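The values are calculated or read from the model by the stated rules, or taken from the named source; none is laboratory data. Computed from a predicted model, the values in this text were never measured in an experiment. Cβ: placed from backbone, ideal geometry, glycine included. Neighbour counts: every protein chain shown.
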Ligand SMILES: Nc1ncnc2c1ncn2[C@@H]1O[C@H](COP(=O)(O)OP(=O)(O)OP(=O)(O)O)[C@@H](O)[C@H]1O
Ligand SMILES: [Mg+2]
């Protein structure tokens, strides 16, 4: 379990992290989602004891990160941003080196290495040099590095950056399966990433948490009201004028026309369901309804909404 309370950190005059608090329960995957410079890596470096915070407290599995960093480090596997590896080492040599650093007893090293090779799919590269590896395999090796001592907590800073779509899916699945037994925090600015991998998301912008929830909850926060898409065949001007008279409507957008069918995006003021009203309006007017569905707002829209609002509110 990870508990963070009111952590702040500045670099000179740059406030990188401002009063951040959150919890992650065992078995949960939490995503940090935020644009460049949001403070994701800084928060991760603080939690992994590579950096001290200016104020606030945090604990990992009950151990305070400031007063008990050795116990904290034992329990954390960390994949840093840019996954620094010793290029001149062989893959097996590197894993043995990490096992030694992690003080894994000599007789267990072989088993531990076999386990992470298996989890991370390293068999085919085990006798290669790190400098020969493709980006995806380097990333997998970085994950193996983070996992070798079987930590309770995993902190992964942009684990899929630079990977091809196949590798992204593989690493995501890997994280998901690891995440069932461990507590995981990962960062990303790739929006589908967090919705695919994480149970919960914190949207971070300019060092602050500007939104949090499950991917679904966040979508409904930004939504406020609700949007439906309707395809209607009938006289355009008349349709517009009648739709505009609907009481629950707050906004109407004409999306286009195809073969005499006009497509509209209709927004309602609250969670009021417009669908029924649209259906009866169309039927009563003698037009035809070719489609009618509720639009789901994706995380991308929430993200842009929350982060740009924040930027507008805080000049500089
Ligand atoms: N070592 C440093 N010295 C000075 N400023 C720093 C340092 N590291 C980070 N910063 C600043 O702190 C802020 C947060 O940076 P951080 O690296 O935590 O962001 P991030 O969310 O990880 O961004 P990215 O998505 O680009 O990795 C930025 O304004 C950054 O310029
Ligand atoms: Mg970063």
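Among the residues of the range 49-59, are any farther than 21 Å from residue 176 by Cα and either outside the structural domain of residue 81 (by TED's automatic domain parsing) or within 10 Å of ligand 1 (Cβ to nearest atom) (or both)?
Filtering the range 49-59 down to residues farther than 21 Å from residue 176 by Cα leaves 49-59.
Right, trim to either outside the structural domain of residue 81 (by TED's automatic domain parsing) or within 10 Å of ligand 1 (Cβ to nearest atom) (or both) and you get 51.
So far as the range 49-59 goes, yes, one or more of its residues are farther than 21 Å from residue 176 by Cα and either outside the structural domain of residue 81 (by TED's automatic domain parsing) or within 10 Å of ligand 1 (Cβ to nearest atom) (or both).
Does the range 138-145 contain at least one residue that is under 25 Å from residue 199 (Cα atoms), within 16 Å of ligand 2 (Cβ to nearest atom), in contact with a strand residue (DSSP E or B) (Cβ under 6 Å, 6 or more places away or on another chain) and at pLDDT below 95?
Our first condition is that a residue be under 25 Å from residue 199 (Cα atoms); within the range 138-145, this holds for 139-145.
Filter once more, keeping what is within 16 Å of ligand 2 (Cβ to nearest atom): 139, 142.
Next cut, in contact with a strand residue (DSSP E or B) (Cβ under 6 Å, 6 or more places away or on another chain) only: 142.
Pick out the ones that are also at pLDDT below 95 and you get 142.
Checked against the condition, which is being under 25 Å from residue 199 (Cα atoms), within 16 Å of ligand 2 (Cβ to nearest atom), in contact with a strand residue (DSSP E or B) (Cβ under 6 Å, 6 or more places away or on another chain) and at pLDDT below 95, the range 138-145 yields at least one hit.
Matching residues to (1) at pLDDT 95 or above; (2) surrounded by fewer than 13 Cβ atoms within 10 Å (Cβ to Cβ); (3) closer than 30 Å to residue 306 by Cα:
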residue: 232; (1), (2), (3): yes, no, no
residue: 237; (1), (2), (3): yes, yes, no
residue: 242; (1), (2), (3): yes, no, no
residue: 251; (1), (2), (3): no, yes, yes
residue: 265; (1), (2), (3): no, no, yes
residue: 270; (1), (2), (3): no, yes, yes
residue: 273; (1), (2), (3): no, no, yes
residue: 283; (1), (2), (3): no, yes, no
Which ones in the range 50-68 are modelled with pLDDT of 95 or more, crowded, with 17+ Cβ neighbours inside 10 Å and not in a strand (DSSP E or B)? 53, 65
Given (1) out of contact with any helix residue (DSSP H, G or I) (no Cβ under 9 Å at 6 or more places or on another chain); (2) within 11 Å of ligand 1 (Cβ to nearest atom); (3) in contact (Cβ under 8 Å) with a residue 40 or more places away in the chain, number of the condition residue 46 does not satisfy: (3)
Residues that are within 16 Å of ligand 1 (Cβ to nearest atom) and surrounded by 18 or more Cβ atoms within 10 Å (Cβ to Cβ): find the helices (runs of 4 or more DSSP H) completely inside the range 118-230 holding 1 or more of those. 135-147, 191-197
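Based on what the data block shows, is residue 30 under 24 Å from residue 172 (Cβ atoms) and either free of Cβ contacts under 8 Å to residues at least 60 places away in the same chain or within 16 Å of ligand 1 (Cβ to nearest atom) (or both)? Break it down stepwise before answering.
Numbers: under 24 Å from residue 172 (Cβ atoms): yes; either free of Cβ contacts under 8 Å to residues at least 60 places away in the same chain or within 16 Å of ligand 1 (Cβ to nearest atom) (or both): yes.
Yes, satisfied.
So is residue 95 assigned to a helix (DSSP H, G or I) and away from ligand 1 (no atom under 14 Å from the Cβ) or not? First the steps, then the outcome.
Details: assigned to a helix (DSSP H, G or I): yes; away from ligand 1 (no atom under 14 Å from the Cβ): yes.
Yes, satisfied.
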Taking residue 20 and the conditions (1) within 16 Å of ligand 2 (Cβ to nearest atom); (2) assigned to a loop (DSSP other than H, G, I, E, B); (3) touching a residue at least 60 places away in the same chain (Cβ under 8 Å), which numbered condition does it fall short on, given that it satisfies the others? (2)
Qualifying positions in the range 141-153 - touching a residue at least 60 places away in the same chain (Cβ under 8 Å) and out of contact with any helix residue (DSSP H, G or I) (no Cβ under 6 Å at 6 or more places or on another chain): 142, 146, 149, 151, 152, 153
Residue ID - farthest from residue 130 (Cα to Cα), chosen from residues in the range 49-84 that are in contact (Cβ under 8 Å) with a residue 60 or more places away in the chain and away from ligand 2 (no atom under 16 Å from the Cβ): 62
